């Protein structure tokens, strides 16, 4: 079964399910918001140059604004 959490979570609609039934995120289109990273239950997605804690802090700050 395919998870699809990243597909549902991305506000920019970048992730999609590829032919091999795995999620595909085109790095050239990714906006780097980190929404998919924080929601991925399998922790299968990472952003370059940002730790999970940095992403959580950024999202918390945006949500509390």
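No value in this document is a laboratory result; all are computed from the given coordinates. Quick caveat, the model's predicted, so the values are computed rather than measured. Heads up, the Cβs are rebuilt from the backbone with ideal geometry, glycines too, and the neighbour counts pull from every protein chain shown.
Restricting attention to segment 53-64, does a residue exist that is assigned to a loop (DSSP other than H, G, I, E, B) and in contact with a helix residue (DSSP H, G or I) (Cβ under 9 Å, 6 or more places away or on another chain)? Within segment 53-64 (the criterion being assigned to a loop (DSSP other than H, G, I, E, B) and in contact with a helix residue (DSSP H, G or I) (Cβ under 9 Å, 6 or more places away or on another chain)), the answer is no, since none of the residues qualifies. Could you please let me know if residue 44 is over 20 Å from residue 5 (Cα atoms) and exposed (fewer than 15 other Cβ atoms within 10 Å of the Cβ)? So residue 44 fails the test. Going by the conditions given, is residue 15 within 24 Å of residue 61 (Cβ to Cβ) and either touching a strand residue (DSSP E or B) at 6+ places or on another chain (Cβ under 7 Å) or in contact (Cβ under 8 Å) with a residue 60 or more places away in the chain (or both)? It is true that residue 15 is within 24 Å of residue 61 (Cβ to Cβ) and either touching a strand residue (DSSP E or B) at 6+ places or on another chain (Cβ under 7 Å) or in contact (Cβ under 8 Å) with a residue 60 or more places away in the chain (or both).
Is it the case that residue 30 is surrounded by 10 or more Cβ atoms within 10 Å (Cβ to Cβ) and part of a loop (DSSP other than H, G, I, E, B)? Criteria met by residue 30. Screening residue 6 on (1) assigned to a helix (DSSP H, G or I); (2) touching a helix residue (DSSP H, G or I) at 6+ places or on another chain (Cβ under 9 Å); (3) surrounded by fewer than 16 Cβ atoms within 10 Å (Cβ to Cβ) shows it passes everything except condition (3).
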